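**Q** Would you mind keeping the following structure in view while I ask a few things?
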Amino acid sequence: QLQLVESGGGLVQPGGSLKLSCAASGFTLVEYAIGWFRQAPGKEREGVSCISSSGGTTNYADSVKGRFTISRDNAKNTAYLQMNSLKFDDTAVYYCAVSRWLGVCSLNSQGYPYWGQGTQVTASS
């Protein structure tokens, strides 16, 4: 079965860094566009970053531009989100999602049919 498992979340002080991983199984990740989303309690889900299936196109939410970097490793069938200069407002559950039908990556969650379970990121002093 198609499965996505996020890892790498945790507690970090503001200004610190974390690297999230999204391990795929049951399918070949290289064929899919990948999106990272986040959701804080009581708030709407927010698109954070995405990367096209070819890896040639990336998009970032304005709130994370210059701080977060999305990448993918075909050999490991894994996607990553490097998060630097973390802020308190980055605190949320982060989800990995994929879509085989997106020509170019999108930050709209409706375009992604497959989702992981999420990993908690907390930036607090």
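**Q** Would you pick out the residues in segment 74-86 that are modelled with pLDDT of 95 or more, more than 16 Å from residue 5 (Cα to Cα) and hydrophobic (A, V, I, L, M, F, W, C)?
**A** Selection gives 83, 86.
**Q** What are the residues in segment 90-125 that are crowded, with 17+ Cβ neighbours inside 10 Å and not in a loop (DSSP other than H, G, I, E, B), if any?
**A** 90, 92, 93, 94, 95, 96, 97, 98, 99, 119, 121, 123, listed by residue number.
**Q** Can you tell which of 79, 75 is under 24 Å from residue 104 (Cβ atoms) and free of Cβ contacts under 8 Å to residues at least 12 places away in the same chain?
**A** Numbers: 79 fails: free of Cβ contacts under 8 Å to residues at least 12 places away in the same chain.
Matching residue, one of 79, 75: 75.
**Q** Scan segment 30-58 residue by residue and report those that are surrounded by 14 or more Cβ atoms within 10 Å (Cβ to Cβ) and over 18 Å from residue 107 (Cα atoms).
**A** The one that is surrounded by 14 or more Cβ atoms within 10 Å (Cβ to Cβ) and over 18 Å from residue 107 (Cα atoms): 30.
**Q** Is there a residue being of a type outside the set (Lys, Arg), out of contact with any Ser or Thr (no Cβ under 8 Å at 6 or more places or on another chain), open to solvent by 60 Å² or more (accessible area, probe 1.4 Å) and more than 20 Å from residue 17 (Cβ to Cβ) anywhere in segment 74-89?
**A** Yes, segment 74-89 contains at least one residue that is of a type outside the set (Lys, Arg), out of contact with any Ser or Thr (no Cβ under 8 Å at 6 or more places or on another chain), open to solvent by 60 Å² or more (accessible area, probe 1.4 Å) and more than 20 Å from residue 17 (Cβ to Cβ).
**Q** Of the residues that make up segment 103-110, is at least one polar (S, T, N, Q) and over 13 Å from residue 37 (Cα atoms)?
**A** no
**Q** What residue, of 63, 71, is among the polar types (S, T, N, Q), modelled with pLDDT of 95 or more and either touching a strand residue (DSSP E or B) at 6+ places or on another chain (Cβ under 7 Å) or outside any loop (DSSP other than H, G, I, E, B) (or both)?
**A** Working: 63 fails: either touching a strand residue (DSSP E or B) at 6+ places or on another chain (Cβ under 7 Å) or outside any loop (DSSP other than H, G, I, E, B) (or both).
Residue meeting the stated conditions: 71.
The values are calculated or read from the model by the stated rules, or taken from the named source; none is laboratory data. Quantities reported herein were computed from a predicted structural model and do not represent experimental measurements. A quick note on method: Cβ atoms are made from the backbone with ideal geometry, for glycine too, and the neighbour counts reach across all protein chains shown. Side chains included, ligands, DNA and RNA excluded: accessible areas come from the protein's heavy atoms. Shrake-Rupley method; radii C 1.70, N 1.55, O 1.52, S 1.80 Å.
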